[in-house]
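Below is one structure, written out as structure tokens, with a few remarks after it.
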Amino acid sequence: MAEPSRHIWPEGVARHILERVDSTNAEAMRLAPTLGGPAWILARRQVAGRGRRGRAWADPPGNFAATLVMRPEGGPGDAARLSFVAALALYDALGGLIGPHGRLALKWPNDVLLNGGKLSGILLESSGTGPGVHALAIGVGVNLAAAPDNAVVEGGALRPVSLKDETGLTILPEELLDALAPAFDHWQRQQRDFGFATIRNAWLARAARLGETIIARTGQSETEGRFDGIDDSGALMLTTSRGRVLIPAADIYFREG
């Protein structure tokens, strides 16, 4: 399998660098009707970033906040699987930049971990009616320079970490974008040409806690079981005391000790 060409910007993909926005995902959706093709939007300062389930995303200066906006092929399920493409791309882009200075892993569905702590988050938002997706925003946030205080993180969640504190390296947001865009293009082409099985296998090869007991929380319900992989839709596969369970969406917690 060919590796992505480092720092060669993908053909036909626009690149927008903004000084300040409320949210790169919100800006992407505002720009989507005017774009002739996919575009990356990076903000040097994001003041109202969002995480999953409406949570605030802290974004001090020096951290990475960018969104890829595109019109994906297929329906909502195809768009949702691009979450795993994005996670692989970010893992590989970061890995190429930090080399042996840190240990990376992927936490379902799309968090990148560094030395066991949460380094980044990815948020997908879409617009459209019926079975079609008119615009998809893939927002990526990475704690390059600083991480939130652990005191603000909910109980049981992984500690937030920054790349600077964990590795001593200083990586500029534009530098990461120049690595991320070709990596995403590479993995998107792999999915288009060979199907989601290729993405699933690559993702599982980088997965944290595969084969171990984890906890999936959805609302007030909690499911504990052995993490055995993901299915063709990207749903989490857990083996529990009641048998095999598929979970399409949840917050994941690791058992310690």
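The values are calculated or read from the model by the stated rules, or taken from the named source; none is laboratory data. No experiment lies behind these values; they were computed from the predicted model shown. Every residue, glycine as well, gets a Cβ built from its backbone with ideal geometry; the counts of neighbours run over all protein chains shown.
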- prompt: Name the pairs whose Cβ atoms lie under 7 Å apart, with the first residue in the stretch 189-202 and modelled with pLDDT of 95 or more, the second acidic (Asp, Glu), and 6 or more positions between them or separate chains?
  reply: 196/232
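Please indicate, with yes or no, whether at least one residue in the stretch 93-114 is under 21 Å from residue 35 (Cβ atoms) and either free of Cβ contacts under 8 Å to residues at least 24 places away in the same chain or aliphatic (A, V, I, L, M) (or both). Quick ask: steps written out before the conclusion?
The initial filter retains those residues of the stretch 93-114 that are under 21 Å from residue 35 (Cβ atoms), namely none.
There is no residue in the stretch 93-114 that is under 21 Å from residue 35 (Cβ atoms) and either free of Cβ contacts under 8 Å to residues at least 24 places away in the same chain or aliphatic (A, V, I, L, M) (or both).
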message: For a quick check of your reading of the model, give me the residue pairs whose first member lies in the stretch 121-145 and is over 13 Å from residue 86 (Cβ atoms), whose second is at pLDDT below 90 and among the polar types (S, T, N, Q), with beta-carbon atoms closer than 9 Å and at least 6 apart or on different chains.
response: 133/127; 134/127; 135/127
- prompt: Here is a list of conditions, (1) surrounded by fewer than 19 Cβ atoms within 10 Å (Cβ to Cβ); (2) out of contact with any helix residue (DSSP H, G or I) (no Cβ under 9 Å at 6 or more places or on another chain), and residue 159 meets all of them except one; can you say which number that is?
  reply: (2)
- prompt: Given the conditions (1) under 20 Å from residue 153 (Cα atoms); (2) in contact with a His (Cβ under 9 Å, 6 or more places away or on another chain), and given that residue 27 satisfies all but one, which numbered condition is not satisfied?
  reply: (1)
message: With the structure loaded, tell me whether residue 168 is within 20 Å of residue 227 (Cβ to Cβ) and surrounded by fewer than 19 Cβ atoms within 10 Å (Cβ to Cβ) or whether it fails that test.
response: no
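Filter the stretch 7-35 down to the residues that are part of a loop (DSSP other than H, G, I, E, B), of a type outside the set (Gly, Ala, Ser) and within 17 Å of residue 181 (Cβ to Cβ) and list them by number. Write out each step before concluding.
Start the filter on the stretch 7-35 by keeping residues that are part of a loop (DSSP other than H, G, I, E, B), which leaves 7-13, 19-20, 22-23, 35.
So of that shortlist, the ones also of a type outside the set (Gly, Ala, Ser) come out as 7-11, 13, 19-20, 22, 35.
Scanning the stretch 7-35 gives 7, 8, 9, 10, 11, 13, 35.
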message: Suppose the filter is touching a residue at least 40 places away in the same chain (Cβ under 8 Å), surrounded by 13 or more Cβ atoms within 10 Å (Cβ to Cβ), closer than 21 Å to residue 119 by Cβ and of a type outside the set (Gly, Ala, Ser); does residue 210 pass it?
response: no
